[in-house]
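Comments concern the structure below.
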Amino acid sequence: MRATTILVAGILSAVVGCAPAPDGGRDTALPGQQWALQDGKVTAAEYRTAMNRFVTCVRDAGYPVTDPVISPTDNLTLIYDITPNGDADTYNKAVQTCNLDHLSLVEPTYVEAQPQLMAAPLRAAVANCLARQGVRVTSKERNLADFAASAHSETKVVDCVTSQRARVYPALPAAVPLRF
């Protein structure tokens, strides 16, 4: 089963990409990412290195990037803000190139292979938000998938996680990938 990923952001230009395999099957490692993907798994250190290379690439292209921090939605994904400037096509091309060169397959390979655990303050806020909408939560929910199972709705969970993450962690980057 492949995880569903939703990227939640205030304003976001698309930066996700990967290379389809020549046979139309699974994605193949892109040249700049093979070092991390060659054994079929990605360690936390490899993910951090790939993220650092991505951030350096974007900065070298002339766009400010905040230092990545771990997302409280899963305690795995490194999140950051990029400040676009100038021509939108040039910006999108630069970020997409950096993503494909360093991160697009490394990040999901690492994150989707690890158990998610939402940060406790966010977990409590999401549970309260869902309860206010009439969802019966069990207090055993630990991640997005658990909340979606209790709510029988990914939409309600996305709405609560988005609003509560911004309330509980207002200083964190705006773009937050949500993986169910």
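The values are calculated or read from the model by the stated rules, or taken from the named source; none is laboratory data. Predicted, not measured: the structure shown is a model, and the values here were computed from it. Every residue, glycine as well, gets a Cβ built from its backbone with ideal geometry; the counts of neighbours run over all protein chains shown. These area figures cover heavy atoms from the full protein model, side chains too; ligands, DNA and RNA do not enter into them. Shrake-Rupley method; radii C 1.70, N 1.55, O 1.52, S 1.80 Å.
If you scan segment 87-114, which residues turn out to be in a loop (DSSP other than H, G, I, E, B) and free of Cβ contacts under 8 Å to residues at least 24 places away in the same chain?
Selection gives D87 alone.
Have a look at A120, A113, A88 and point out the one that is within 21 Å of C57 (Cα to Cα) and open to solvent by 30 Å² or more (accessible area, probe 1.4 Å).
That would be A88, the only listed residue that is within 21 Å of C57 (Cα to Cα) and open to solvent by 30 Å² or more (accessible area, probe 1.4 Å).
Give the number of residues within segment 132-164 that are assigned to a loop (DSSP other than H, G, I, E, B) and either surrounded by 11 or more Cβ atoms within 10 Å (Cβ to Cβ) or of a type in the set (D, E) (or both).
Number of matching residues: 7.
Does E112 satisfy being touching a Phe, Trp or Tyr at 6+ places or on another chain (Cβ under 9 Å) and of a type in the set (D, E, K, R)?
Working: touching a Phe, Trp or Tyr at 6+ places or on another chain (Cβ under 9 Å): no; of a type in the set (D, E, K, R): yes.
Considered against the rule, which asks whether it is touching a Phe, Trp or Tyr at 6+ places or on another chain (Cβ under 9 Å) and of a type in the set (D, E, K, R), E112 comes out as no.
Take segment 63-82 and flag every residue that is closer than 18 Å to N143 by Cβ and either part of a loop (DSSP other than H, G, I, E, B) or among the basic types (K, R) (or both).
Result: S71, P72, T73, D74, N75, L76, T77.
Just one of the numbered conditions (1) open to solvent by less than 70 Å² (accessible area, probe 1.4 Å); (2) under 19 Å from C98 (Cα atoms); (3) at pLDDT 95 or above; (4) touching a strand residue (DSSP E or B) at 6+ places or on another chain (Cβ under 9 Å) is not true of Q33; which one?
So Q33 meets the others, but not (4).
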